[in-house]
Amino acid sequence: MSQVKPERLINEQGLRIDGRRPDQIRPTKLEVGLLKNATGSAYIEQGKNRILVAVYGPREIHPRHLALPDRATIRCRYHMAPFSTEVRKSPAPTRRELELSKVIRESLEPVVFTEYYPRTTIDVFIEVLQSDGGTRCAGITAASLALADAGIPMRDLVVACASGKVDGQIVLDLCDLEDKFGEADLPVAMIPRSEEITLIQMDGSFTPEEFKQAFKLAIDGCKQIYVMQKEVLRKKYIAVKEVAEEETVEAGEKEGQ
Amino acid sequence: MTIIAEKRQLVTPGDLLAEGNYLTGESTFKEGDKIYATRIGLVDTDGRSVSVVALKGGYIPSVGDLVIGKVIDVSLSGWVVDINAPYAAILHASDAIERPFNPQRDVLTSIYDIGDMILAKVAAYDRTRNPVLTTHGPGLGKITRGRIMEIVAAKIPRLIGKRGSMINMLKRETGCHLTIGQNGLILISGRSPEDEDLAVLAIRKIEEEAHTSGLTDRICSMIREESQKRGVSNVSS
Amino acid sequence: MSVTRETEVIAKMKQKQIADLISRGRRLDGRSFIDYREIKIETGVIEKAEGSASVSLGNTKILAGVKIEIGEPFPDTPDEGVLTVNAELVPLASATFELGPPDENAIELARVVDRGLRESKAIDLKKLCINPGKKVFVTFVDIYVLDHDGNLVDASAIAALASLINAKMPSYEIKAGEIELKPEYTQLPLQNYSFTVTMAKIGDKLVVDPSIEEEQVMDAQITVTTDQNGNICAMQKSGLEVFSIGNVLDAVEMALEKAKQIRTILGV
């Protein structure tokens with residue numbers, strides 16, 4: 001039940017193994033406010049990725065000695081469910097999950113106004129329910145929405161997307177097979193308005209020219225996903241607003257009769 | 001100088017609201033001469049300042065606020081009270097006891113015990129220490145009857161309405177006495193559980209539709225319809 | 001070592017309100033003593049898992065995933081496959097769940113669900129044997145709590161069973177002593193079903209499917225698991241207070257009755 005390298009990752013028509021063009025992002029679905037207990041929550045489906053994020057806080061931090069006197073701490077946990085991968089993953093945290101927890105926290109922290117809440121903690125829990133490549137980026141995109149859903153004050157949302165090199169070609173949003181058997185992977189997170197990069201990692205091999213191309217492509221990918229983030233935040237409130245205004249109109253008509 | 005966002009426009013964190021010499025109101029921040037939103041909410045402006053009325057967000061204490069809290073701990077010098085804020089609040093023993101506090105004789109748990117709900121005011125708060133409460137004042141102190149419900153603190157202003165329009169309508173239509181804590185907790189005291197149920201229903205709907213217009217009238221009609229359906233006798237009908 | 005835990009402070013007014021309502025035959029959310037909250041089940045939600053089910057019981061949300069691998073049997077049951085149930089109370093589900101390896105609550109939850117499946121012999125473990133003493137199928141059921149609004153046990157048990165019913169395992173052939181997996185899939189060899197019903201004791205009354213507020217004020221709770229033949233295959237009392245003999249007998253009767261509803265919802 002382990003993976004075999006496909007003969008070609010990009011076919012003669014220039015299409016990838018899942019039929020996408022090199023610059024296409026996987027089908028993405030976003031949702032916010034779906035958990036009852038969490039202060040804020042968000043869910044993302046991107047290709048086969050399924051990731052749920054919850055935010056709690058700001059709340060007082062225990063033990064006290066972990067508190068920062070002048071701002072909130074952010075605690076971030078990236079974790080994969082045992083059934084999220086082809087081969088079952090033990091529930092205990094791996095070194096990879098610990099590293100990702102750190103870089104994800106550092107990708108979100110620059111936008112949060114932590115100075116408004118000294119001596120508290122803002123907790124971000126990212127649970128990967130199904131994993132198919134690019135989960136740290138999808139996790140960041142959803143975490144940013146969960147923070148907004150929790151009403152945590154921020155300078156902007158953070159959005160993330162990965163690009164890479166597969167069969168010699170620069171591609172956007174790598175799936176698991178492309179990540180495993182391709183030549184390079186470049187996850188990028190940014191603050192969309194200012195185009196400031198809050199996360200960048202790379203593994204594989206790029207010429208300097210290829211890197212520039214891939215970097216630009218990842219940034220484009222981020223901008224596309226940013227539009228989707230804004231959209232899902234607005235939709236949540238507009239739908240109710242429209243129903244309410246319909247009711248007002250109907251009520252008005254009734255009274256007029 | 002321009003205000004870019006419209007009044008009552010729905011904005012998200014990072015949205016540009018205005019450019020120029022404006023003052024920053026709630027849930028906004030300034031970078032250079034541009035003002036941006038920090039939270040999801042509706043834009044509001046009075047021409048001089050720009051603010052965002054947040055639709056999501058916990059309670060941040062402010063001196064003078066009326067709050068409903070739960071006593072979660074008793075120490076030698078007072079009580080620790082959960083007021084649904086990022087920080088637990090403190091009520092000093094000396095505040096609740098008229099004469100000088102004597103640890104030998106005064107048993108604090110007989111005044112407020114763990115699990116008691118109290119109505120209090122925020123007496124002091126700054127970011128370097130936990131908020132301090134006081135129960136000095138008419139009506140403040142232990143809550144003994146009624147029902148307590150909780151809504152998102154950010155929506156409390158909507159529950160009160162312009163010059164109290166929403167809250168007064170609710171009191172009139174449900175016949176319930178309503179005490180609103182700025183921290184999102186509401187004490188409902190009606191003549192019957194059915195009246196209280198109506199109030200709970202109405203408040204939930206207000207919370208859900210806080211950002212829409214014509215809400216006061218819609219809620220009023222809804223309460224009247226529901227009272228009829230449930231056969232509840234009502235003050236106003 | 002098990003230590004009494006600090007629990008969230010419950011407002012006395014709320015405790016009194018719930019107790020008053022119960023003594024008048026009512027519950028906080030309007031249900032009768034024997035009503036379950038709305039149960040929704042969706043299966044096959046995680047394609048990479050061999051089986052999966054997402055269950056919501058009121059606002060409680062559970063995700064269960066089944067992974068089937070090939071491994072060694074236990075030494076004392078060389079001709080049986082292995083079933084392992086694990087539960088994670090991840091911090092995202094509740095402000096009260098702490099980070100770390102499964103604590104006693106997560107372990108108790110997993111073992112109670114496991115007991116129901118194991119004692120009812122829901123899976124015919126002998127049919128999971130490939131090569132006695134050497135190779136068997138190992139079935140992992142991982143229960144992930146996503147939102148805690150009371151009664152994690154019943155919701156988890158439903159999710160675990162639904163995910164096992166949904167699970168597909170590869171067909172295989174033994175060729176020259178080696179296992180050759182065939183491209184076809186087959187269902188797990190299920191021969192029985194277990195239905196788990198939890199009741200909380202408040203005052204002297206038993207209520208089915210406690211909500212989180214009821215759990216916070218209850219004396220104790222009891223879980224009774226029965227199978228498709230109406231036999232009782234597992235029980236567990238949990239909590240600090242006591243049950244009378246009458247309570248226990250009533251609980252068993254209620255569980256047998258409510259098992260029918262769960263059975264219908266699962267479609268078995």
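The values are calculated or read from the model by the stated rules, or taken from the named source; none is laboratory data. This is a predicted model, so every value here is computed, not measured. We place every Cβ from the backbone using ideal geometry, glycine too, and count neighbours over all the protein chains shown.
The set of residues from segment B:140-154 being in contact (Cβ under 8 Å) with a residue 40 or more places away in the chain and assigned to a loop (DSSP other than H, G, I, E, B) comprises B:Ile143, B:Arg145, B:Gly146, B:Ile151, B:Val152. Is it the case that segment C:71-87 has a residue that's within 12 Å of chain A (Cβ to nearest Cβ) and at pLDDT below 95? Yes: one or more hits.
Looking at segment B:181-237, which of the residues that are of a type in the set (D, E, K, R), assigned to a helix (DSSP H, G or I) and more than 14 Å from chain A (Cβ to nearest Cβ) is farthest from B:Arg145 (Cα to Cα)? Show your work before the answer.
Initial filter on segment B:181-237 (of a type in the set (D, E, K, R)): B:191, B:194-197, B:204-205, B:207-209, B:217-218, B:224-226, B:229-230.
Next, only the ones that are assigned to a helix (DSSP H, G or I) stay: B:194-197, B:204-205, B:207-208, B:217-218, B:224-226, B:229-230.
Narrowing the set further to residues that are more than 14 Å from chain A (Cβ to nearest Cβ) leaves B:194-197, B:226, B:229-230.
On the way: B:Glu194: 15, B:Asp195: 15, B:Glu196: 12, B:Asp197: 15, B:Glu226: 25, B:Lys229: 27, B:Arg230: 24 Å.
Result: B:Lys229.
Being away from chain A (no Cβ under 13 Å) and either closer than 24 Å to A:Tyr226 by Cα or within 23 Å of the chain's Cα centre (by Cα) (or both) is the filter here, so list the residues in segment B:8-24 that pass it. Within segment B:8-24, B:Ala18, B:Glu19 qualify. A:Leu34 passes every criterion in (1) within 30 Å of C:Glu213 (Cβ to Cβ); (2) in contact (Cβ under 8 Å) with a residue 60 or more places away in the chain apart from (2).
On inspection, B:Asp82 fails the criterion of being in contact with a Phe, Trp or Tyr (Cβ under 9 Å, 6 or more places away or on another chain), acidic (Asp, Glu), within 25 Å of A:Ala72 (Cα to Cα) and within 10 Å of another protein chain (Cβ to nearest Cβ). Just one of the listed residues (A:Thr85, A:Thr39) is within 11 Å of chain C (Cβ to nearest Cβ), surrounded by 12 or more Cβ atoms within 10 Å (Cβ to Cβ) and in contact with a Gly (Cβ under 7 Å, 6 or more places away or on another chain), namely A:Thr39.
Give the residues of segment B:13-25 that are among the small types (Gly, Ala, Ser) and either closer than 26 Å to A:Gly40 by Cβ or part of a loop (DSSP other than H, G, I, E, B) (or both), sorted by residue number. It would help to see each step written out before you state the result.
Residues of segment B:13-25 among the small types (Gly, Ala, Ser): B:14, B:18, B:20, B:25.
Once the filter is applied, which keeps residues that are among the small types (Gly, Ala, Ser) and either closer than 26 Å to A:Gly40 by Cβ or part of a loop (DSSP other than H, G, I, E, B) (or both), segment B:13-25 yields B:Gly14, B:Gly20, B:Gly25.
For the residues A:Leu100, A:Leu147, the requirement of being in a helix (DSSP H, G or I), within 14 Å of chain C (Cβ to nearest Cβ) and not basic (Lys, Arg) singles out A:Leu147. Based on what the data block shows, is C:Ser52 at the interface with chain A (Cβ under 8 Å from one of its Cβ atoms) and in a strand (DSSP E or B)? Here the answer is yes, as C:Ser52 does meet what is asked. The condition (being part of a helix (DSSP H, G or I) and in contact with a Leu (Cβ under 6 Å, 6 or more places away or on another chain)) is satisfied by just one residue among C:Ala155, C:Ala160: C:Ala155.
On the stretch given as segment A:1-28, residues that are touching a helix residue (DSSP H, G or I) at 6+ places or on another chain (Cβ under 9 Å) and under 30 Å from C:Thr60 (Cβ atoms) total 1. Per the listing A:Asp156, A:Asp179, A:Asp185, A:Asp203, the residue uniquely surrounded by fewer than 24 Cβ atoms within 10 Å (Cβ to Cβ), free of Cβ contacts under 8 Å to residues at least 60 places away in the same chain and closer than 29 Å to B:Lys34 by Cα is A:Asp156. Is segment B:21-34 home to any residue that is charged (D, E, K, R) and in contact (Cβ under 8 Å) with a residue 24 or more places away in the chain? The answer is yes, given that some residue of segment B:21-34 is charged (D, E, K, R) and in contact (Cβ under 8 Å) with a residue 24 or more places away in the chain.
Those residues that are in a strand (DSSP E or B) and over 21 Å from C:Ala159 (Cβ atoms), I need them from segment C:95-136; list them, please.
First, pick out the residues of segment C:95-136 that are in a strand (DSSP E or B): C:123, C:129-131, C:135-136.
Correct list: C:Cys129, C:Ile130, C:Asn131, C:Lys135, C:Val136.
Only residues that are within 11 Å of another protein chain (Cβ to nearest Cβ), on the phi < 0 side of the Ramachandran plot and either surrounded by fewer than 24 Cβ atoms within 10 Å (Cβ to Cβ) or modelled with pLDDT of 95 or more (or both) were counted across segment A:103-142, and they come to 19.
In segment C:1-26, how many residues are in contact with a helix residue (DSSP H, G or I) (Cβ under 8 Å, 6 or more places away or on another chain) and surrounded by fewer than 20 Cβ atoms within 10 Å (Cβ to Cβ)? So that I can check it myself, show each step before the final result.
Just the residues of segment C:1-26 that are in contact with a helix residue (DSSP H, G or I) (Cβ under 8 Å, 6 or more places away or on another chain), to begin with: C:2, C:7-8, C:10, C:14-15, C:18-19.
Retained after the next criterion (residues that are surrounded by fewer than 20 Cβ atoms within 10 Å (Cβ to Cβ)): C:2, C:7-8, C:10, C:14-15, C:19.
Counting residues in segment C:1-26 that are in contact with a helix residue (DSSP H, G or I) (Cβ under 8 Å, 6 or more places away or on another chain) and surrounded by fewer than 20 Cβ atoms within 10 Å (Cβ to Cβ) gives 7.
Every condition in (1) under 24 Å from B:Ile83 (Cβ atoms); (2) surrounded by fewer than 23 Cβ atoms within 10 Å (Cβ to Cβ); (3) in contact with a strand residue (DSSP E or B) (Cβ under 8 Å, 6 or more places away or on another chain); (4) more than 9 Å from chain C (Cβ to nearest Cβ) is met by A:Pro58 except one, and the failing one is (2). Might you check whether a residue that is in contact (Cβ under 8 Å) with a residue 60 or more places away in the chain, among the aromatic types (Phe, Trp, Tyr), out of contact with any Lys or Arg (no Cβ under 8 Å at 6 or more places or on another chain) and within 13 Å of chain C (Cβ to nearest Cβ) occurs anywhere in segment A:75-82? No, segment A:75-82 has no match at all.
Within segment B:43-77, the set of residues being surrounded by 22 or more Cβ atoms within 10 Å (Cβ to Cβ), more than 14 Å from chain A (Cβ to nearest Cβ), closer than 30 Å to B:Asp113 by Cα and in contact with a Phe, Trp or Tyr (Cβ under 7 Å, 6 or more places away or on another chain) comprises just one member, B:Val71. Considering (1) buried (at least 23 other Cβ atoms within 10 Å of the Cβ); (2) of a type outside the set (A, V, I, L, M, F, W, C); (3) within 24 Å of A:His79 (Cβ to Cβ), the lone condition that C:Pro73 does not fulfil carries the number (3).
Quickly run through segment B:110-139 and pick out the residues that are of a type in the set (A, V, I, L, M, F, W, C), away from chain C (no Cβ under 11 Å) and without any contact (Cβ under 8 Å) to a residue 60 or more places away in the chain. Scanning segment B:110-139 gives B:Ile111, B:Ala120, B:Val132.
Table: residues versus (1) closer than 22 Å to C:Pro102 by Cα; (2) assigned to a strand (DSSP E or B); (3) modelled with pLDDT under 95; (4) not charged (D, E, K, R).
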residue: A:Ala38; (1), (2), (3), (4): yes, no, no, yes
residue: A:Ser41; (1), (2), (3), (4): no, yes, no, yes
residue: A:Glu45; (1), (2), (3), (4): no, yes, no, no
residue: A:Val55; (1), (2), (3), (4): yes, yes, no, yes
residue: A:His62; (1), (2), (3), (4): yes, no, yes, yes
residue: A:Pro69; (1), (2), (3), (4): no, no, yes, yes
residue: A:Ile74; (1), (2), (3), (4): no, yes, no, yes
residue: A:Phe83; (1), (2), (3), (4): yes, no, no, yes
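Just one residue in the set C:Ile143, C:Ile174, C:Ile158, C:Ile202 is farther than 21 Å from C:Ser52 by Cβ and buried (at least 21 other Cβ atoms within 10 Å of the Cβ); that residue is C:Ile202. Check segment B:89-99 and report whether any residue there is farther than 23 Å from B:Ile188 by Cα, within 14 Å of chain A (Cβ to nearest Cβ), surrounded by fewer than 21 Cβ atoms within 10 Å (Cβ to Cβ) and at pLDDT 95 or above. Yes: one or more hits. Of everything listed in (1) assigned by TED's automatic domain parsing to the domain that holds B:Val132; (2) closer than 25 Å to A:Thr121 by Cα, the single unmet condition for B:Ile60 is (1).
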